[in-house]
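Working notes for the structure below.
Derivation of every value follows stated rules applied to the coordinates shown; laboratory data play no part. Owing to the predicted nature of the structure, the values given are computational and were not obtained by experimental measurement. Because the Cβ atoms are built from the backbone with ideal geometry, glycine has one as well, and the counts that use them run over all protein chains shown.
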């Protein structure tokens, strides 16, 4: 197998950001390194989490322009390391650096490499969190800018509590997104598999329904109306929140297949280009999911969507992805509102429910145990005098050492 990885790096020579491509041919690996790579690939596939590749960067070779990578008959597959663009950075000499050092190089400043640094130990911060932090740094909050009534505050607190509960669920995690594999000759040329438990998915839909349905007392539309009232909010963040509100409205009213990331599946349903995403989600929430019997416009629309898409699993996946995309934007909006409420000493209460392990956690644990067994075999082959217990302990220690204690994170 050939594994590709694209990495952002900063070059002090021209003070610019570039991309380098690196690759790995697993055929050339030692048995131990092959096990490390297989574990990293498994975690990426199951959780959309590629961080275990970071300590394995040493195994990858930089792809030069004239490199000719040939495939043998036995190693004709390829895959890519994904989701590390916003996490991992290098300098011009392929040394890992942190984000502040990356920016320093772009400003023409020389940096000192930090011995033993790895971004694995950093708290992950999303792009949305980073942008929000910058907004508040540039536009400090002032109490005098906000004039919310007690009723306004209660609506905003309930809205933020619902958004926080949804944001902390498995539903908005990368590990929950359905995976799509394409099958030639099938009625719909894709196989759709869910990693999230159906009960957790349905619970997330119930929260989302409270966030989006006009009849709910603290839905997004009511919270937005309060926050975006210039008589109540005179802070400079008003314009930022206004832009975010318009983006959610635009997506809710958007028609067409270019909206969501799963373009592969959408291109196979040409009829979807005429569907309005908000109306589609409304119809499913009102009639498809909650089985209401009223003969109204949304029930008629739901039946029309069923006829157009004409495949139950595809229909469910489109709804899942649509809710997922809109929920992310609403939760981002709610995070700004919660920051304002916290500043006004109005704390948001939300259910503090621990995420229960989902099925893929057990599957990943079994996979790692199997790989530890292979490790034991190679250790015993290398040293015939080692006991099974010692070899098994050594295998576990090596996995923790190589992955820097982040195997299960």
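Some observations on this one:
- Dividing the convex hull volume of the alpha carbon atoms of segment 2-128 by its residue count gives 124 Å³ per residue.
- Note on residue 215/residue 110: beta-carbon distance plugged into 1/(1 + (r/R0)^6) with R0 of 41 Å gives a FRET efficiency of 0.10.
- Cα pair count fraction exceeding 12 Å, expressed as % - segment 359-402: 60 percent
- For segment 128-142 versus segment 316-348, the inter-centroid distance based on Cα atoms is 16 Å.
- Taking 236, 26, 62, 314 and counting other C-beta atoms within 10 Å, the order from fewest to most: 62, 236, 26, 314
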